[in-house]
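These notes are about the structure you will find just below.
The values are calculated or read from the model by the stated rules, or taken from the named source; none is laboratory data. These numbers were taken from a predicted model, which means no experiment stands behind them. Methodologically, a virtual Cβ is constructed for each residue, glycine included, from the backbone with ideal geometry; neighbour enumeration extends over all protein chains shown. The area values use the complete protein model at the heavy-atom level, side chains included, leaving out ligands, DNA and RNA. Shrake-Rupley method; radii C 1.70, N 1.55, O 1.52, S 1.80 Å.
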Amino acid sequence: ADEVDSPVVLREKIDGINAQIAAYEEEIRACDMAESFFMRYQKETHRSQAGSLNERIGNILKKITNKYREVRIDDKLNIKVLDPQTSNLIDLNQLSGGTIDQIYFALRFGIREIVDEQRVLPFILDDPFVQYDDKRRKEGMLFLSRVAKNDQVILLTCSQNEKQILDQEDIPYTGISL
């Protein structure tokens, strides 16, 4: 009996727990409303910007791969590329790791142009060219050098390949080695 709280203390604990439950339920309702808003916003934005986004990503991808020129992103952000030889849409899971990396690389920059073309934004890239062949790595670095004229680009890499390209192309950069 000494270990059992009095009815008054138990009632206070129950009331406190009920208040916490009510607060959590209110938070869940707010999150549900926010999620609903963002889902509607995402669909509306996709409808109005999909063509422009697909075009921008395709243009970037064309510069890097010199193969794929058209990309399709649906409202669930599923990405497909148009095979230039067969005109069939190809799912990402049917492409090589390097090509997938190139598509996501292009996606980052295409989205940035859609989101806020007027603001200077930093890009932090961690070894984006690991699966690229030498030609595509060079094209990717040349693309980054054009981006870096207006935006800050921070490129983290564990290889010397990117530095060699910058040196060969006489592209100015600030390097830090550890």
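Here are the numbers for the structure shown:
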read-out: Residue match in segment 97-113 (condition: among the charged types (D, E, K, R), surrounded by 12 or more Cβ atoms within 10 Å (Cβ to Cβ) and touching a helix residue (DSSP H, G or I) at 6+ places or on another chain (Cβ under 6 Å)); value: yes
read-out: Filtered residue count, segment 6-36, keeping only those that are under 30 Å from Ala106 (Cα atoms) and either in contact (Cβ under 8 Å) with a residue 12 or more places away in the chain or open to solvent by less than 100 Å² (accessible area, probe 1.4 Å) (or both); value: 2
read-out: Filtered residue count, segment 77-133, keeping only those that are assigned to a loop (DSSP other than H, G, I, E, B), closer than 26 Å to Glu162 by Cβ and polar (S, T, N, Q); value: 2
read-out: Selected residue (only one of Arg47, Arg72, Arg40 is farther than 20 Å from Lys138 by Cα and in a strand (DSSP E or B)); value: Arg72
read-out: Within segment 42-93, considering residues that are open to solvent by 60 Å² or more (accessible area, probe 1.4 Å) and within 24 Å of Asp134 (Cβ to Cβ), the one modelled with the lowest pLDDT; value: Asn66
